[in-house]
C-alpha cells in the first residue's frame, strides 16, 4: 500500500511511503541540504517509523527546505494513508 503527503513548495516536503513485506526501512532522499543533514533527517524518519511500528517500507523524501517537525507530520500522514487510515 502507498501513501503520499506534502507539497512541492518552499519550506515543505513531499513524502511517499510504500509499505512492504520485507527489506527493512529503505530511504531515498532528495534534498538541497542532504550533505549537511542526511543523518539527522534519516534519524527523524527512523524514529517516526519506530513509533508507528513500521519495520518494512520504501520511503521517498523530496525536501524543499522544511524543518524536522514538517518531516514528522508529513511522514505520519503518509504512513496513515498507506495503511488506509484517513
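Details
- Between 41, 54, 15, the GNM of the chain built on Cα springs shorter than 10 angstrom shows 54 fluctuating the most.
- From least to most packed, judged by other beta carbons within 10 angstrom and beginning with the fewest, 19, 61, 14, 36 follow the order 36, 19, 14, 61.
- Counted by neighbouring Cβ atoms within 10 Å, the residues 29, 1 run from fewest to most as 1, 29.
- Choice from 68, 21, 12 with maximal GNM fluctuation in the chain (Cα, 10 Å cutoff): 21
- Highest-MSF residue in the chain out of 72, 26, 50 [GNM, Cα springs under 10 Å]: 50
- Principal-axis analysis of the Cα atoms of the chain puts helix 68-82 at an angle of about 30° to the longest axis.
- When only Cα pairs below 8 angstrom with a gap of at least 6 residues are kept, the chain shows a relative contact order of 48 percent.
- Antiparallel bridges, percent of DSSP beta bridges restricted to the range 2-82 (to nearest 5): 65
We did not get these values from a lab; they are worked out from the coordinates using the rules stated. This one's a predicted model, so the numbers in the text were calculated from it and none came from an experiment. Because the Cβ atoms are built from the backbone with ideal geometry, glycine has one as well, and the counts that use them run over all protein chains shown.
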